[in-house]
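Data block below; observations after.
The values are calculated or read from the model by the stated rules, or taken from the named source; none is laboratory data. Small disclaimer: the values here were computed from a predicted structure and weren't measured. Cβ placement follows ideal geometry from the backbone for every residue including glycine, while neighbour counts extend to all protein chains displayed. Accessible surface areas use protein heavy atoms only, side chains included; no ligands, DNA or RNA. Shrake-Rupley method; radii C 1.70, N 1.55, O 1.52, S 1.80 Å.
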Amino acid sequence: MSLADRMIRLLWAAGDEGVAERVLRAHWRLLPSDDAAGRALRSRLVDALLREVPGRGAEIRRAVLADEVSLLGAAERAAPSRATVLAIVRALPVGSPR
């Protein structure tokens, strides 16, 4: 799945088409060369989503989790290491899911 597809899926999990389009237009930026997985972009989009749709924190967290899992290889998904699990937990947005 392409980065754009992943980010659109993330945005749709938390809002409607209008929110998704507005957030993408306002916050889509070129990726730093050391962020091929797009985590910096995702972080910007998540921050914007949390402001745009504050009552959808749980959906946003689930979407980030799904995105992180989509980045794992088959072996990592089957038996994730402690480091992998910790990295996923650190990637989740901070705060209450409510």
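Within the stretch 1-11, one or more residues are modelled with pLDDT under 85, in a helix (DSSP H, G or I) and over 11 Å from the mean Cα position of the chain (by Cα).
Within the stretch 59-98, being polar (S, T, N, Q) and either at pLDDT below 90 or in a helix (DSSP H, G or I) (or both) holds for Ser70, Thr84, Ser96.
Pairing each residue of the stretch 14-36 that is under 23 Å from Arg56 (Cβ atoms) and among the hydroxyl-bearing types (Ser, Thr, Tyr) with any residue that is exposed (fewer than 13 other Cβ atoms within 10 Å of the Cβ) and modelled with pLDDT of 80 or more, provided the two are 6+ apart or on different chains, yields no C-beta distance under 7 Å.
Scanning the stretch 16-58 for residues that are of a type in the set (Asp, Glu), assigned to a helix (DSSP H, G or I) and either modelled with pLDDT under 85 or more than 11 Å from the chain's Cα centre (by Cα) (or both) returns Glu17, Glu21, Glu52.
Is there a residue being charged (D, E, K, R) and open to solvent by less than 70 Å² (accessible area, probe 1.4 Å) anywhere in the stretch 65-82? Yes - at least one qualifying residue is present in the stretch 65-82. Considering only residues in the stretch 83-98 that are of a type in the set (Val, Ile, Thr) and open to solvent by less than 50 Å² (accessible area, probe 1.4 Å), the one that is nearest to Arg22 (Cα to Cα) turns out to be Ile88.
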